[in-house]
Amino acid sequence: MLPLPLLLVFLFPFTVADPAVLQPGFYRDSCPQAETIVRDVMRTALIREPRSVASVMRFQFHDCFVNGCDASLLLDDTPTMVGEKLSLSNINSLRSFEVVDELKDALEKVCPGTVSCADIIIMAARDAVALSGGPDWEVKLGRKDSLTASQKDSDDIMPSPRANASFLINLFDKFSLSVKDLVALSGSHSIGQGRCFSIMFRLYNQSGSGKPDPALDPKYREKLDRLCPLGGDENVTGDLDATPQVFDNQYFKDLVAGRGFLNSDETLYTFPDTRAYVGIFSRDQDEFFKAFVEGMIKMGDLQSGRPGEIRYNCRVVNGRPVDILLES
Ligand code: HEM
Ligand SMILES: *[C@@H]1O[C@H](CO)[C@@H](O)[C@H](O)[C@H]1NC(C)=O
Ligand SMILES: *[C@@H]1O[C@H](CO)[C@@H](O)[C@H](O)[C@H]1NC(C)=O
Ligand SMILES: *[C@@H]1O[C@H](CO)[C@@H](O)[C@H](O)[C@H]1NC(C)=O
């Protein structure tokens with residue numbers, strides 16, 4: 001039997017040299033209140049604006065897929081760095097960054113310089129789900145925050161709402177996420193909203209046909225046509241499922257009924273490889289919850305192996321006086 005580190009090198013030859021060791025209860029000694037603080041701030045955010053917890057939950061996906069879960073997503077641009085906030089999938093779309101600021105401020109007051117922004121995203125995403133009626137689970141912690149971010153890396157990786165299931169299967173596979181993980185994780189769209197901008201092609205010109213997506217239920221399409229008329233304001237938002245504040249399996253029932261909001265949602269039901277999972281999750285909420293938790297943990301394990309730090313402010317890397325001077 002090989003020692004574990006050596007065994008891991010054989011099993012995952014492409015994992016990078018120096019990943020942090022993630023573990024449950026990582027802050028047990030250094031910041032025992034950390035998880036309670038995050039849960040409390042998220043509860044307050046939910047009461048103030050229910051959608052904000054969905055918006056924060058989405059950060060886990062957009063952070064972890066781009067160079068691992070390292071809070072690169074949260075870095076503001078500087079004169080010398082264009083970060084991820086302006087990428088195609090993120091601009092005018094990601095929101096509620098101020099909730100992360102509140103989480104970080106609350107943690108810095110009690111345990112300065114201790115809890116990484118990358119871990120804050122992971123805890124907050126879990127809490128968003130649990131507070132919305134979904135499953136609750138133990139998260140592994142101990143991540144470091146990136147020293148940089150890249151708009152291009154996000155552009156190259158994050159999928160379009162027009163994507164079809166076979167494209168998404170391939171994409172998720174690159175991150176060792178299975179077809180089941182893909183379908184379960186898409187169930188995150190059980191909460192939150194999307195913009196008309198993300199569905200105009202579906203409503204009026206699917207695949208350049210000049211027609212709507214034939215998979216759309218006609219009643220639902222009429223509703224979306226009224227919400228998102230041609231030439232209208234494409235920043236208007238619609239619900240991603242029929243119960244956008246409750247984390248449940250309604251999303252999958254909606255897909256079965258042709259009432260998926262995004263093309264990338266409905267395609268999970270129209271494609272044979274993903275369709276069976278949509279069926280299972282639409283009938284059995286416990287199966288969905290179990291698969292969702294598994295997927296979130298796997299996605300949370302993604303790491304770049306690059307050097308990191310514990311940021312004091314999630315929007316800026318520590319100790320960069322030159323950039324700070326240039327900005328002011
Ligand atoms: C499978 C590929 C995915 C695609 C193509 C996709 C795409 C999108 C799009 C286009 C929106 C609406 C954005 C807008 O119109 O401004 C959205 C919203 C959202 N996404 Fe995804 N997504 C995917 C997977 C995920 C995953 C894995 C998660 C989290 C685990 C997630 C969480 C969310 C949440 C919670 C919202 C609502 C956010 C809000 O209300 O502010 N998505 N997604
Ligand atoms: C799915 O999308 C990819 C990439 O956009 C495209 O090349 C492919 O033809 C599509 N597959 C099907 C079956 O529509
Ligand atoms: C629909 O899309 C096709 C291909 O992208 C494009 O050539 C055509 O002009 C579009 N039609 C409309 C009405 O926008
Ligand atoms: C949405 O609003 C933003 C900023 O408020 C604006 O820059 C953008 O052009 C709008 N996008 C669309 C699709 O209308």
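The values are calculated or read from the model by the stated rules, or taken from the named source; none is laboratory data. It should be emphasised that the depicted structure is a prediction, and the values quoted were computed from it without experimental measurement. Note: ideal-geometry Cβ built from the backbone for every residue, glycine included; neighbour counts use all protein chains shown. With ligands, DNA and RNA removed, areas are computed over all heavy atoms of the protein, side chains included. Shrake-Rupley method; radii C 1.70, N 1.55, O 1.52, S 1.80 Å.
How many Å² of accessible area per residue for region 188-252, probe 1.4 Å? Write down the numbers at each step before the final one.
Numbers: 3180 Å² over 65 residues.
In whole numbers, region 188-252 has 49 Å² accessible per residue.
Label points 7 Å out from Cα along the Cβ direction at ASN235 and ASN318: separation in nm?
3.7 nm
Expressed in nm to one decimal, what extension gain is obtained for the pair TRP137 and PHE97 from 0.36 nm per residue of sequence separation less their Cα-Cα distance? Before the final figure, lay out each step's value.
Values: separation 40, 0.36 × 40 = 14.40 nm, distance 2.34 nm.
Length gained between TRP137 and PHE97: 12.1 nm.
Sticking with the crude label model, points 7 Å out along Cα→Cβ, report the distance from PHE271 to ASP301 in nm, one decimal please.
2.3 nm
So what's the gap between the Cα centers of region 124-149 and region 236-271, to the nearest angstrom?
Taking the Cα centre of region 236-271 as reference, the centre of region 124-149 is 23 Å away.
Picking from SER178, PRO79, PHE281, whose Cα lies most toward the positive end of the charge dipole for the chain (charges on Cβ: Lys, Arg +1; Asp, Glu -1)?
My answer, from the dipole projection, is PHE281.
So how do LYS109, LYS223 rank on accessible area, 1.4 Å probe, biggest first, that is with the largest at the start?
Details: LYS109 170, LYS223 120 Å².
Sorted descending by solvent-accessible area, the residues read LYS109, LYS223.
Putting +1 on Lys and Arg Cβ atoms and -1 on Asp and Glu Cβ atoms, find which of VAL110, GLY68, PRO50 reaches farthest to the positive end of the dipole of region 12-130.
Most positive-ward Cα: PRO50.
Mind putting a number on the dipole of the chain about its Cα centre? Charges go on the C-beta only, +1 for Lys and Arg and -1 for Asp and Glu, and I need it in Debye to the nearest 20.
Working: 35 positive and 46 negative charges, 94 e Å.
The dipole magnitude comes to about 460 debye.
Using a/c under 1.5 as the rounded threshold, could you call region 118-181 rounded, prolate or oblate? The axes a ≥ b ≥ c are square roots of the C-alpha gyration tensor eigenvalues, and prolate needs a/b larger than b/c, oblate otherwise. Let's see the in-between values first.
Values: a/c = 2.04, a/b = 1.24, b/c = 1.64.
Taking the square roots of the gyration eigenvalues as a ≥ b ≥ c, region 118-181 is oblate.
Between their Cα atoms, which of LYS152/LYS253; LYS109/LYS152; LYS104/LYS298; LYS104/LYS253; LYS223/LYS298; LYS104/LYS290 are more than 32 Å away from each other?
Where the Cα-Cα span goes over 32 Å, the pairs concerned are LYS152/LYS253; LYS109/LYS152; LYS104/LYS253; LYS223/LYS298.
Charges at C-beta only: +1 for Lys and Arg, -1 for Asp and Glu. How large is the resulting dipole of region 165-295 about its Cα centre, in Debye rounded to 20? Before the final figure, lay out each step's value.
Values: 14 positive and 19 negative charges, 60 e Å.
Charge dipole of region 165-295: 280 debye, to the nearest 20.
Across 10 Å bins from 0, what is the distribution of all Cα-Cα pair distances for the chain, in whole percents?
Pairs per bin, as whole percents: 6, 25, 34, 24, 9, 2, 0.
Got a number for carbon plus sulfur as a percent of the chain's accessible area, 1.4 Å probe? Provide the component values of the computation, followed by the final result.
Values: 8830 of 15540 Å².
Answer for the chain: carbon and sulfur cover 57 percent of the accessible area.
Please give, to one decimal in nm, the separation of the simple spin-label points placed at VAL246 and THR114, each 7 Å out from Cα toward the Cβ.
The two pseudo-label positions are separated by 3.8 nm.
Tell me, how many Å apart are the Cα centres for region 284-307 and for region 161-221?
That distance is 20 Å.
Which parts of region 252-290 would a label at PHE167 reach, counting a residue when its backbone N lies under 19 Å from a point 7 Å out along Cα-to-Cβ?
260-275
Give the value in nm², to one decimal: projected area of the alpha carbon convex hull of region 165-295, averaged over all directions. Walk me through the numbers before you get to the answer.
On the way: hull surface 31.0 nm².
Averaging across all directions leaves 7.7 nm² for the Cα convex hull.
Round to the nearest 10 and give me the degree value, 0 to 90, for the angle of helix 117-131's Cα axis relative to the longest principal axis of the chain.
Long axis of 117-131 versus the principal axis of the chain: about 50 degrees.
In Å³ and rounded to a whole number, note down the convex hull volume per residue for the Cα atoms of region 229-328.
Details: hull volume 21.5 nm³, N = 100.
Considering the Cα atoms of region 229-328, their hull volume per residue is 215 Å³.
Report the paramagnetic label zone for THR148: residues of region 59-81 whose backbone N is under 20 Å from a point 7 Å from Cα along the Cα-to-Cβ axis.
63-81
To the nearest 0.05, how large is the calculated FRET efficiency for CYS31 and THR80 if R₀ is 41 Å and r is the Cβ-Cβ distance?
0.80
Please tell me the relative contact order of the chain in percent, rounded to the nearest whole number, where contacts are Cα pairs under 8 Å and at least six residues apart.
The normalised contact order for the chain reaches 25 percent.
Under a 10 Å cutoff between Cα atoms, tell me which one of ARG95, ARG226, ARG51 has the largest fluctuation in the Gaussian network model of the chain.
ARG226
Check cross-link reach from LYS180 to the aspartates and glutamates: straight Cα distance under 12 Å, and skip same-chain residues fewer than eight apart.
Once the sequence-local aspartates and glutamates are set aside, what remains near LYS180 is ASP273, GLU287, GLU294.
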